[in-house]
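Below is one structure, written out as structure tokens, with a few remarks after it.
A short reminder: the numbers here are calculations on the coordinates, not readings from a lab. Keep in mind that what you see is a predicted model, and the values were worked out from it rather than measured. Counting neighbours? That spans all protein chains shown, and the Cβs are built from the backbone with ideal geometry, glycine included.
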Amino acid sequence: MPQGVGFWSAFWTFGGVGWNEIDVFEIFTENPNYYNMNIHYFPNTQMQGSYDCQDDWAGSNFSNAYHTFTMFWDYFKIIWYIDGNLIRTVYKYHNILGQPIDCNSFQPFTNYILNKAFPVEDMKIVLNTAVVSPLNVNHNPPNSSTDFPAFFEIDYIRYWEKTPIPMSCNKDVIKWSPFGGASVGDEGLLLGGAAVNSGTSATITVRNYLSIKPNFTAKAGSYFHAKVDPYICGSSARLDESTLGVDVNDKIQRLIHNPDTTHKDIAQTREDRILVSPNPTEGIIKINNLNQQIGSRLEIFNMMGSKVASLIISENSLLYDFSSQPKGIYLIKIIGGGNDFITKVVYN
């Protein structure tokens, strides 16, 4: 990690329809042996009804040496490690006794308590260092003792996709009022008049399709999430050549042992990649390579979650001027065009 007061280094995942985030770590260098590991789920981009599950941990001075930070995220839990040592586990479900539910104890058509902070959508990996703003009331900006330049040094990043665990599912999930808890099945039907009552959580995951009849309601104060996942039930959960058209184990080996193949398989070429410059900026940024995003909506948020700009992309490049906004960190988000795009911009 960088040394000196005023830097904010982070390793995190971010994305989703609303705001999904897992912080593998956030380290404010005013205290370099202390870091945060958080999860966030905000059902919409205004962050109304947001859910947080935060924690922190004190260790050695992370500015003095390399450390290995690891995070596993699957359907049931999120696990954090430092240098191979288990630090924290967060579960998506608990039973009514408060006991965590993992894949071995999960039973379809059983009511569980849902951790609303648990992220539920796909995300991208982000690593960045920011400079703390003088407007930040919780952490200290650089001072006269801070040396520039400072560096956030990364030795390597590795990413694996776990093979989903097959679940036994009944063919049909049929729900009527009241509807609550977590349900998994091949196919789903929410009958007319069915309702998720205020104060109730309900999730339903189906392999093939979900039919929602007229007059189904999720009442104010309730939580409802529905998802179609083709790998959720039975043997179809096995990621192999018959389901994906590729031998996953072979692909993993090729990605690990052939850096050139890795780059071509998992990264866009520079010509296709959306570019934001300059970053950091003193006011005006230019966003290039937007041809595939024409017709999509671009939105900009400050770090408090407030939307400060929203526009429809109509050409390959555009300019945005931050001069009417306070200095700080902003998120640029583009949804559509086949590839979602999210990045941070620092306005100095």
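Beyond a 18 Å Cα-Cα separation, which of these cross-linked pairs lie in this structure: 286/344; 77/333; 227/344; 92/344; 92/175?
Numbers: 286/344 14 Å; 77/333 27 Å; 227/344 28 Å; 92/344 28 Å; 92/175 22 Å.
Listed pairs above 18 Å: 77/333; 227/344; 92/344; 92/175.
Can you put 273, 207 in order, fewest other beta carbons within 10 Å first?
In order of increasing Cβ crowding within 10 Å: 273, 207.
Just subtract the alpha-carbon distance of residue 3 and residue 110 from 0.36 nm times their residue separation and send over the number in nm, one decimal.
Values: separation 107, 0.36 × 107 = 38.52 nm, distance 5.00 nm.
Between residue 3 and residue 110, full extension yields an extra 33.5 nm.
Residue 1: net charge of surrounding residues, Cβ under 12 Å, Lys/Arg +1, Asp/Glu -1, itself excluded?
Values: positive: none; negative: 26, 30, 153.
Once all neighbours under 12 Å are counted, the net charge is -3.
Which loop-located chymotrypsin sites (Phe, Trp or Tyr not before Pro) does the range 125-156 contain, where loop means any DSSP state but H, G, I, E or B and the Cβ has at most 13 other Cβ atoms within 10 Å? Show your work: numbers first, answer last.
Working: sites: 151, 152, 156; in loops: 151, 152, 156.
Those satisfying the criteria are 151, 156.
For a label point 7 Å from the Cα of residue 139 along Cα→C-beta, name the residues of the range 300-321 whose backbone N is under 19 Å from it.
301-306
Apply the Karplus parameterisation 6.51 cos²θ - 1.76 cosθ + 1.60, with θ equal to phi minus 60°, to every residue of the range 175-186 and state each ³J(HN,Hα) to the nearest whole Hz, in sequence, with x for glycine and proline.
10, 9, 6, x, 10, x, x, 10, 10, 9, x, 5
Let me spell out the model: positive unit charges on the Cβ of Lys and Arg, negative unit charges on the Cβ of Asp and Glu, origin at the Cα centre of the range 71-220. What dipole size does that give, in debye rounded to 20?
Details: 12 positive and 12 negative charges, 133 e Å.
Approximately 640 debye in magnitude.
Please report the base-10 log of the normalised intensity I(q)/I(0) for the range 275-347, using a Debye sum with one equal scatterer per alpha carbon and no solvent, at each q in 0.11, 0.16, 0.27 (1/Å).
At q = 0.11, 0.16, 0.27 Å⁻¹ the computed log10 ratios are -0.23, -0.50, -1.39.
Could you calculate the contour length gain from residue 220 to residue 315, that is, 0.36 nm times the residue separation minus the distance between their Cα atoms, to one decimal place in nm? Numbers along the way, then the final one.
Values: separation 95, 0.36 × 95 = 34.20 nm, distance 3.97 nm.
Stretched fully, the residue 220-residue 315 segment lengthens by 30.2 nm.
Fewest to most neighbouring Cβ within 10 Å: what's the order for 53, 103? Intermediate values should be presented prior to the final figure.
On the way: 53 18, 103 13.
The order, fewest Cβ neighbours first, is 103, 53.
Fewest first, what order do 57, 160 take by the number of other Cβ atoms within 10 Å? Walk me through the intermediate numbers first.
Values: 57 14, 160 9.
Lowest count first: 160, 57.
Residue 175: net charge of surrounding residues, Cβ under 13 Å, Lys/Arg +1, Asp/Glu -1, itself excluded?
Details: positive: 213; negative: 172, 187.
Neighbourhood net charge equals -1.
Excluding residue 129 itself, calculate the net charge of residues whose Cβ lies under 15 Å from the Cβ of residue 129, where each Lys or Arg counts +1 and each Asp or Glu counts -1.
On the way: positive: 344; negative: 23, 26, 30, 147, 153.
Neighbour charge sum, excluding residue 129 itself: -4.
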